[in-house]
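Notes follow once the structure below has been shown.
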Amino acid sequence: MASKSYLHIYRFQIVLFFIFISSFTQAQDSNHVIKIKKIHLPCVTFSNNFSASYIHYKNWKYNTVNNYSFLLRSNINYDTLGKDWDAHVRFNGELGYLKFVDSIWFKNTDFVDLGVDVVKNSNKRFENVFSFYFSSQFLSNYELYYNDSGSYSKRWVSGFGNPMNIDLGYGTTIHFWKTCRVNLTFVTLKTTTCPVLDPEQQLSGNDMIYKKALITSEYGLGIQTFIRKNIGSRVRWENYSRAFANAVNREKFNIDFRNRVIVKIFKYLDFIVDSRMRYSPQPPYKFQFRNELMLSFTFEKI
């Protein structure tokens with residue numbers, strides 16, 4: 001029941017998002033005015049968030065558990081608007097650890113991604129865009145397993161570059177709010193690597209194995225959103241979402257919906273509402289949800 005309620009919440013967020021984009025586009029088209037873009041110097045914004053927590057449960061649901069958690073986030077945006085070409089670069093990284101008292105530290109979140117968009121200016125409502133996207137993780141993961149002698153051994157299971165996603169796309173984009181945009185890349189080449197722990201794993205026609213990595217490539221249709229909008233002096237809305245599909249099949253589409261609302265309390269203290277929904281074309285073929293409410297120490301420069 002909980003997963004169904006989460007699904008309704010995310011459906012509502014996504015429907016509101018696309019209604020807003022549609023109404024905004026129609027309002028812009030009704031003006032029938034195309035403004036010539038001015039040349040802007042490169043604009044760089046970056047923010048670093050650090051949050052820490054200690055949680056004490058005593059007889060909470062009949063359990064007593066204490067744990068520590070630390071989370072570090074980094075975001076860098078580079079935007080330049082030129083006469084002939086626009087360039088948009090975004091880097092996003094996150095690393096978090098969790099420790100139960102009298103236990104070991106373990107990593108509960110670890111990812112890094114880099115997105116690059118190059119837009120050909122034509123002074124039209126829709127413009128051509130070339131896009132590049134890379135995502136992976138920072139640090140290696142290890143697990144314990146039984147070896148042939150019946151004792152525990154530790155082995156590598158994933159690391160930087162494996163797993164990995166690389167998307168190359170060409171399509172069209174619409175700009176609004178100066179640097180915000182929505183891309184439709186109708187020609188997208190998606191290359192994915194996944195760790196291979198079973199040397200006898202079965203391969204399909206488009207797969208290959210190279211140095212413990214299963215490499216898959218496919219063509220399809222992609223949608224990307226890049227929104228960073230200040231609403232007043234203390235609230236900012238951010239949405240960096242991606243979707244890819246090449247067939248109506250649960251094994252042929254991928255969704256990564258990221259939405260964040262940041263409320264500035266003091267100069268270096270923010271309240272963050274972060275929502276994320278993921279779907280990967282891998283068993284058990286279920287949507288994954290993550291919702292966070294946090295107070296964060298933030299250093300930001302624009």
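Any read-out appearing in this document is the output of simple, stated calculations on the displayed coordinates, not a laboratory observation. Computed from a predicted structure; not experimentally measured. Quick reminder, even Gly has a Cβ in these numbers, built from the backbone with ideal geometry, and neighbours come from all protein chains shown.
Given R₀ = 22 Å, FRET efficiency for ASN230-PHE111 by Cβ-Cβ distance, to 0.05?
Working: r = 26 Å, r/R0 = 1.16.
So the FRET efficiency works out to roughly 0.30.
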* Asked: What FRET efficiency, computed as 1/(1 + (r/R0)^6) with R0 = 30 Å and r the Cβ-Cβ distance, is obtained for TYR97 and ALA245, rounded to the nearest 0.05?
  -> 0.30
* Asked: Using alpha carbon centroids, what distance separates segment 124-153 and segment 234-263, in Å?
  -> 18
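Evaluate E = 1/(1 + (r/R0)^6) for ASP148 and MET208, where r is the Cβ-Cβ distance and R0 equals 25 Å; express this FRET efficiency to the nearest 0.05. Write down the numbers at each step before the final one.
Numbers: r = 28 Å, r/R0 = 1.12.
Computed FRET efficiency for ASP148 and MET208 comes out at 0.35.
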* Fully extended contour minus Cα-Cα distance, from ILE166 to TYR285, at 0.36 nm per residue -> 40.7 nm
* Please list, or write none, the aspartates and glutamates whose alpha carbon is within less than 19 Å of the alpha carbon of LYS124, excluding same-chain residues fewer than 8 places away. => ASP29, ASP84, ASP86
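On a 22 Å Cα-Cα criterion, which of the cross-link pairs LYS107/LYS267; LYS252/LYS286; LYS178/LYS267 come out too long?
Details: LYS107/LYS267 30 Å; LYS252/LYS286 13 Å; LYS178/LYS267 25 Å.
Violating the 22 Å Cα-Cα cut-off are LYS107/LYS267; LYS178/LYS267.
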* With each pseudo-label sitting 7 Å past Cα toward Cβ, what's the PHE70-THR45 distance in nm, one decimal? -> 2.9
* To do: With unit charges on the beta carbon (Lys/Arg positive, Asp/Glu negative), name the residue among ASN165, ASN67, ASN147 whose Cα is farthest towards the positive pole of the charge dipole of segment 45-175.
  => ASN67
